[in-house]
1. To the nearest 0.05, what FRET efficiency results for GLU34 and GLU74 with a Förster distance of 25 Å applied to their C-beta separation?
2. Bin width 5 Å, alpha-carbon pairs only: give the P(r) of the range 40-90 as whole percents, running from 0 to the bin holding the largest distance.
3. Using a Gaussian network model on the chain with a 10 Å cutoff between Cα atoms, which of LEU79, LEU88, LEU27 fluctuates the most?
4. Counting alpha carbon pairs within less than 8 Å and at least 6 residues apart, what relative contact order, in whole percent, applies to the range 6-95?
5. Treat every Asp and Glu Cβ in the chain as -1 and every Lys and Arg Cβ as +1, leave all other atoms uncharged, and give the resulting dipole magnitude about the Cα centre to the nearest 20 debye.
6. As a check on your grasp of the helix formula, calculate [θ] at 222 nm for the chain: sum -39500 (n - 2.57) over DSSP H runs of n ≥ 4, divide by the residue count, round to the nearest 500.
7. Which trypsin sites (Lys or Arg not before Pro) in the range 36-88 pass both tests, a DSSP loop state and at most 15 other beta-carbon atoms within 10 Å?
8. Tally Lys/Arg at +1 and Asp/Glu at -1 over every other residue whose Cβ is under 10 Å from the Cβ of VAL52; what's the total?
Amino acid sequence: MSEDKLVAITLDNPVIRGETEISDLKLRKPRAGELRGLQLVDVLKLDVKSLVTLLPRITMPPLTSHEVEQLDSEDLLTLGSEVAGFFLTRAEKTAAGLPA
């Protein structure tokens with residue numbers, strides 16, 4: 001298996017799971033199988049339903065769909081923006097001044 005690209009995210013408003021507080025997540029670049037049932041254009045438009053489906057597949061520790069639905073809007077936007085960034089080509093990242 002190839003190396004997975006991981007992005008570390010600190011949530012502004014942690015997820016509470018029982019007595020555990022989850023404030024730091026890692027996002028893994030999705031593979032084709034994890035995009036099943038999703039329209040890429042919806043993922044790139046940060047469609048909430050698409051993010052609720054995709055994020056449990058690529059977060060570490062894994063969030064449940066219910067936990068994703070309970071995220072504060074700024075945290076959902078942060079996670080969604082990072083997900084969209086996974087789909088940029090190296091040339092697009094360079095043009096935008098982002099690390100390739």
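Since every read-out is calculated from the coordinates, none of them should be taken as a lab result. Just so you know, these numbers come straight off a predicted model, no measurement behind them. Reconstructed Cβ throughout: ideal geometry from the backbone, glycine too, with neighbour counts over all protein chains shown.
1. 0.55
2. 5, 22, 35, 25, 10, 3, 1
3. Result for the chain, Cα springs under 10 Å: LEU88 fluctuates most.
4. 29
5. Here the chain has a charge dipole of around 620 debye.
6. Taken over the chain, the calculation gives -10500 deg cm²/dmol.
7. Loop-located and lightly packed - ARG36, LYS45.
8. Working: positive: LYS49; negative: ASP47, GLU67, GLU69.
Around VAL52, the surrounding residues sum to -2.
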